[in-house]
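Undergrad: Just dropping this structure here.
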Amino acid sequence: MGDVSVKELYDVQQLLKKFGIFVYVGKRLWDIELMALEIDHLHEADVIDNHTFIAAKLVLSREHKFEETKEKNRN
């Protein structure tokens, strides 16, 4: 999967969708964590390249930190 632009969480969702992977657990933080695991599995299976893998993981990391901060501020 070369030349896939991954800049937002939506892009990661669309990438996973191409492989028939739909993630909805019900809590955004958990969704992000599960997407990260799925991206790891796709990379290990060599169906996504390093550039796409790194871009997706960076997006997921950023979104995970954002969600954690949001949860801390609620409490």
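Undergrad: Using Cα positions and a limit of under 25 Å, work out the lysines in reach of Lys70, with same-chain residues fewer than 8 apart set aside.
TA: Lys7, Lys27, Lys57
Undergrad: Work out, step by step, the length gained on full extension between Glu33 and Asn73: first 0.36 nm times the residue separation, then minus their alpha carbon distance; give nm to one decimal.
TA: Full extension from Glu33 to Asn73 adds 12.4 nm.
Undergrad: In the stretch 9-74, with Lys and Arg counted as +1 and Asp and Glu as -1 at Cβ, which of these residues, Ile48, Leu15, Ser61, has the Cα nearest the positive end of the dipole, that is, farthest along it?
TA: The residue sitting farthest along the positive end of the dipole is Ser61.
Undergrad: At q = 0.17, 0.21, 0.23 Å⁻¹, what log₁₀ I(q)/I(0) does a Debye calculation on the Cα points of the stretch 31-70 give, no solvent, two decimals?
TA: -0.42, -0.60, -0.68
Undergrad: Which of the chymotrypsin sites (Phe, Trp or Tyr not before Pro) across the chain are loop residues per DSSP, with 12 or fewer other Cβ within 10 Å?
TA: On the way: sites: Tyr10, Phe19, Phe22, Tyr24, Trp30, Phe53, Phe66; in loops: Phe19, Phe22, Tyr24.
Passing both the DSSP loop test and the Cβ count: Phe22, Tyr24.
Undergrad: Counting residues in the chain as N, plug N into 2.2 N^0.38 Å and put the Cα Rg over that result.
TA: Working: Rg = 12.5 Å, N = 75, 2.2 N^0.38 = 11.3 Å.
So the Cα radius of gyration is 1.10 times the expected 2.2 N^0.38 Å.
Undergrad: Working out 0.36 nm times the residue gap between Ile54 and Phe19, then minus their Cα-Cα distance, what length gain in nm do you get to one decimal?
TA: 10.8 nm
Read-outs throughout are calculated quantities, based only on the coordinates presented, and are distinct from any laboratory measurement. Since the model is a prediction, treat every value here as computed from it, not as a measurement. Don't worry about glycine lacking a Cβ; one is built from the backbone with ideal geometry, like all the others, and counts go over all protein chains shown.
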